[in-house]
Amino acid sequence: MAEAGLGFADLDALAVTIGPGTFTGLRVGLAAARGLALARSLPLVGVTTLEALAEPVRAEPGEAIVAAFDAKRGEIYLQTFDANHVALSEPMLVSLEEALTHVHGDAFVCAGTGAGLLAAALAAKGIVARLSDAPAQPDARSVGRLAAARLAAEGVDAFRIAPAPLYLRAPDAKLPGGIDPFAA
Amino acid sequence: MTREGVLTILGLETSCDETAAAVVRRHAEESGGFRGEILSNAVFSQIREHAPYGGVVPEIAARAHIEHLDGLIVRALEEAHVGWDDLDAIAATAGPGLIGGVIVGLMTAKGIALARGLPLVAVNHLEGHALTARLTDGIAFPYLLLLVSGGHSQLLVVEDVGRYRRLGTTIDDAVGEAFDKVAKMMHLGFPGGPAVERTAKTGDASRFHLPRPLMGKPGCDFSFSGLKTAVRQLIEAQRIEAEGELTDQLRADIAASFQATVADVLADRVAHAMEMANLPEGSRRFVVAGGVASNQTLRARLEATAAERGYDFIVPPVKLCTDNGAMIAWAGAERFAMGMEDGLDISPLARWPLDPTAQAKPGAGVKA
């Protein structure tokens, strides 16, 4: 704010990443943003970390963009976009093998902390995937640009209700008797 | 620097399984005294979320806090008929507690403080409990405090805001934890405190003699782990004898015997603490705070102990003994009135003892 020479009264809206990512990390940002939005009555735009990751990626014509975060435990958070950043899938939590079934097309550019894992898995199947030189973590500028586009398209009133976290992974809790309450 | 006049403070509490926001006023009086006033006290209890697990699940708690907190803040301000510009500061629990929840409350408070240019006061959750009696009853320092909850069992002399002398603490489990575990063993429901108390009503407290750990020993530390084990063994023995589940009467007798044992232990430890505290006449005030203070049997027993030893007995109302935002707002008001506030770089703390000079009890971990 100081670098931009702006005060809170100059802002039209706020934007924040809602996940997926580490549970605590996404709550740190979201709680602060919800507090700011509440105290200034500002609309708050929630952007997924995967959208933010894909935003600076420049795809060649015909390439699909794959945003992938290493979710540990052999899983990745994944979302795919076309070369114009239009989402081809919802954000999802999948194993590496499952990830391959969600990646359709001939050429890919992968971004994020899970990009290397995914590119290697694709290569093992004989599919060539290029690694993006975009940052492996979401950038606040990408979050801002995505939010600005969404606000322009949908209007501020579409963002009056604070966004909820996007966890994609259930809490690690077992019921008495070892039953997993979140099992499908 | 001290601040005079009227202070209006918003307080946020998110350290365990209650999401809470409240607005409290501290009036400094011309006589040099003070008066507390609760303008609103909004609490969302997560009992239903945690009940299936028989205990609080930290990740489920953190998720519920972030979902509910801003709605509760709006409600607290509306009920208090207070706007952002009427506030003098914002206070939030910064620990000790379940760190995921503490982060939600503290970060929300930081966001609000930054956006409104309000001072931030980071409050120790235990100080919230410790100072509640000043909000409700206006008592002066010093006083003896028994802090008993699901996470803590401590005896302290409250000397001033931010100044505590710990006399004793649990060396293993907290008393509320023992209630929760006994309730779980007999499938009485969650939270265990009210469930055991309800079940004990029709029970015979003299039927089973249970061990009373540390009773009569010097000092005023607590230990509840052995008692918990003894209750488990008693239940197992009774199940074998009954060749199946316990009858309602057996459950009631076990619950009543357990509760009476805890009452004996607490009364003994409190009596020792009164000797150790050595408070001058005129300052002999004994305050019980924390969720366990809502248990009527324990309360009656502690009241009798206080009366025997010439102590005034003060227990805040039940809804201010369990976790709430008013106590955090009040502790924030007391600190702010003394000129204390915190920077936006303050970090949440999972462990934060009231008396940092007191020896850590390895068996109790963050509870001591």
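Please work out if B:Phe258 is under 17 Å from B:Tyr143 (Cβ atoms), buried (at least 21 other Cβ atoms within 10 Å of the Cβ) and among the aromatic types (Phe, Trp, Tyr).
no
Determine if the stretch A:102-115 includes at least one residue that is more than 14 Å from chain B (Cβ to nearest Cβ), surrounded by fewer than 16 Cβ atoms within 10 Å (Cβ to Cβ), of a type in the set (S, T, N, Q) and out of contact with any Leu (no Cβ under 6 Å at 6 or more places or on another chain).
Within the stretch A:102-115 (the criterion being more than 14 Å from chain B (Cβ to nearest Cβ), surrounded by fewer than 16 Cβ atoms within 10 Å (Cβ to Cβ), of a type in the set (S, T, N, Q) and out of contact with any Leu (no Cβ under 6 Å at 6 or more places or on another chain)), the answer is no, since none of the residues qualifies.
Among B:Val56, B:Val74, which is touching a His at 6+ places or on another chain (Cβ under 6 Å) and not small (Gly, Ala, Ser)?
Testing whether each residue is touching a His at 6+ places or on another chain (Cβ under 6 Å) and not small (Gly, Ala, Ser) leaves just B:Val56.
What tally of residues in the stretch B:261-280 results from selecting those that are in contact (Cβ under 8 Å) with a residue 24 or more places away in the chain and either among the charged types (D, E, K, R) or surrounded by fewer than 20 Cβ atoms within 10 Å (Cβ to Cβ) (or both)?
7
May I ask you to say which residue of B:Gly105, B:Gly111 is within 14 Å of another protein chain (Cβ to nearest Cβ), closer than 14 Å to B:Ala94 by Cβ and in contact with a helix residue (DSSP H, G or I) (Cβ under 8 Å, 6 or more places away or on another chain)?
The conditions single out B:Gly105.
Identify the residue in the stretch B:182-240 that is among the aromatic types (Phe, Trp, Tyr) and closer than 25 Å to B:Gln359 by Cβ and, among all such residues, is surrounded by the fewest Cβ atoms within 10 Å (Cβ to Cβ).
If we take residues in the stretch B:182-240 being among the aromatic types (Phe, Trp, Tyr) and closer than 25 Å to B:Gln359 by Cβ, then B:Phe224 is surrounded by the fewest Cβ atoms within 10 Å (Cβ to Cβ).
Looking at B:Glu49, B:Glu29, B:Glu4, B:Glu37, which is the one that is over 25 Å from B:Glu341 (Cβ atoms) and over 19 Å from the mean Cα position of the chain (by Cα)?
Of B:Glu49, B:Glu29, B:Glu4, B:Glu37, the one residue that is over 25 Å from B:Glu341 (Cβ atoms) and over 19 Å from the mean Cα position of the chain (by Cα) is B:Glu49.
Considering each residue of the stretch B:149-192, count those that are over 17 Å from B:Ile254 (Cα atoms) and aliphatic (A, V, I, L, M), and give that number.
Total satisfying the criteria: 8.
Among the residues that make up the stretch B:131-139, is at least one of them closer than 24 Å to A:Ala37 by Cα and either part of a helix (DSSP H, G or I) or small (Gly, Ala, Ser) (or both)?
No: the stretch B:131-139 contains no residue that is closer than 24 Å to A:Ala37 by Cα and either part of a helix (DSSP H, G or I) or small (Gly, Ala, Ser) (or both).
Looking only at residues in the stretch B:326-368 that are in a helix (DSSP H, G or I) and basic (Lys, Arg), which one is modelled with the highest pLDDT?
Among those that are in a helix (DSSP H, G or I) and basic (Lys, Arg), it is B:Arg335.
Within the stretch A:60-83, is even one residue over 26 Å from A:Arg145 (Cα atoms) and among the aliphatic types (A, V, I, L, M)?
No, every residue in the stretch A:60-83 fails to be over 26 Å from A:Arg145 (Cα atoms) and among the aliphatic types (A, V, I, L, M).
Restricting to the stretch A:140-184, what's the tally of residues that are touching a strand residue (DSSP E or B) at 6+ places or on another chain (Cβ under 7 Å) and among the small types (Gly, Ala, Ser)?
Counting residues in the stretch A:140-184 that are touching a strand residue (DSSP E or B) at 6+ places or on another chain (Cβ under 7 Å) and among the small types (Gly, Ala, Ser) gives 3.
Give me a count of the residues in the stretch A:18-48 that are under 19 Å from A:Ala87 (Cα atoms), within 14 Å of chain B (Cβ to nearest Cβ) and either touching a Lys or Arg at 6+ places or on another chain (Cβ under 7 Å) or outside any loop (DSSP other than H, G, I, E, B) (or both).
Residues in the stretch A:18-48 being under 19 Å from A:Ala87 (Cα atoms), within 14 Å of chain B (Cβ to nearest Cβ) and either touching a Lys or Arg at 6+ places or on another chain (Cβ under 7 Å) or outside any loop (DSSP other than H, G, I, E, B) (or both): 1 in total.
Residue check: is B:Arg309 surrounded by fewer than 22 Cβ atoms within 10 Å (Cβ to Cβ), within 23 Å of B:Asp17 (Cβ to Cβ) and in contact with a strand residue (DSSP E or B) (Cβ under 9 Å, 6 or more places away or on another chain)?
No; evaluated as a whole, the condition is false for this residue.
Go through (1) buried (at least 23 other Cβ atoms within 10 Å of the Cβ); (2) within 12 Å of chain A (Cβ to nearest Cβ) one by one and return the number of the condition B:Ala94 breaks.
So the condition that B:Ala94 fails would be (2).
Taking the options B:Ala109, B:Ala122, name whichever one is outside any helix (DSSP H, G or I) and touching a residue at least 60 places away in the same chain (Cβ under 8 Å).
None of the others qualify; the one that does is B:Ala122.
Considering only residues of the stretch B:208-226 that are small (Gly, Ala, Ser) and in a loop (DSSP other than H, G, I, E, B), which is nearest to B:Gly168 (Cα to Cα)?
B:Gly219
Name the pairs whose Cβ atoms lie under 7 Å apart, with the first residue in the stretch B:79-96 and closer than 16 Å to B:Ile38 by Cβ and free of Cβ contacts under 8 Å to residues at least 60 places away in the same chain, the second aliphatic (A, V, I, L, M) and surrounded by fewer than 17 Cβ atoms within 10 Å (Cβ to Cβ), and 6 or more positions between them or separate chains?
Note: no pairs meet the criteria.
Determine which member of the set A:Glu51, A:Glu60 is in a helix (DSSP H, G or I) and more than 14 Å from every other protein chain (Cβ to nearest Cβ).
That would be A:Glu51, the only listed residue that is in a helix (DSSP H, G or I) and more than 14 Å from every other protein chain (Cβ to nearest Cβ).
Please go through (1) part of a loop (DSSP other than H, G, I, E, B); (2) under 23 Å from B:Arg63 (Cα atoms) for A:Ala134 and return the number of the only condition it doesn't satisfy.
(2)
What's the number of the condition B:Val148 fails, among (1) within 15 Å of the chain's Cα centre (by Cα); (2) closer than 20 Å to B:Thr247 by Cα; (3) β-branched (Val, Ile, Thr)?
All conditions pass for B:Val148, except number (2).
Suppose the filter is within 12 Å of another protein chain (Cβ to nearest Cβ) and either over 23 Å from A:Ala162 (Cβ atoms) or in contact with a Gly (Cβ under 8 Å, 6 or more places away or on another chain) (or both); does B:Ala28 pass it?
So B:Ala28 fails the test.
When the residues of the stretch A:137-170 are narrowed to those that are free of Cβ contacts under 8 Å to residues at least 12 places away in the same chain and assigned to a loop (DSSP other than H, G, I, E, B), which ends up nearest to the other protein chains (Cβ to nearest Cβ)?
Only one residue fits best here, namely A:Ile161.
Can you tell me how many residues within the stretch A:67-124 are in a strand (DSSP E or B) and among the hydrophobic types (A, V, I, L, M, F, W, C)?
Looking only at that region, the number is 15.
Counting just the residues of the stretch B:45-78 that are more than 9 Å from every other protein chain (Cβ to nearest Cβ) and among the acidic types (Asp, Glu), which one comes out surrounded by the most Cβ atoms within 10 Å (Cβ to Cβ)?
B:Glu49
Looking at B:Glu30, B:Glu13, which is the one that is touching a residue at least 40 places away in the same chain (Cβ under 8 Å) and of a type in the set (Asp, Glu)?
Checking each option against the conditions leaves just B:Glu13.
The values are calculated or read from the model by the stated rules, or taken from the named source; none is laboratory data. Computed from a predicted model, the values in this text were never measured in an experiment. Reconstructed Cβ throughout: ideal geometry from the backbone, glycine too, with neighbour counts over all protein chains shown.
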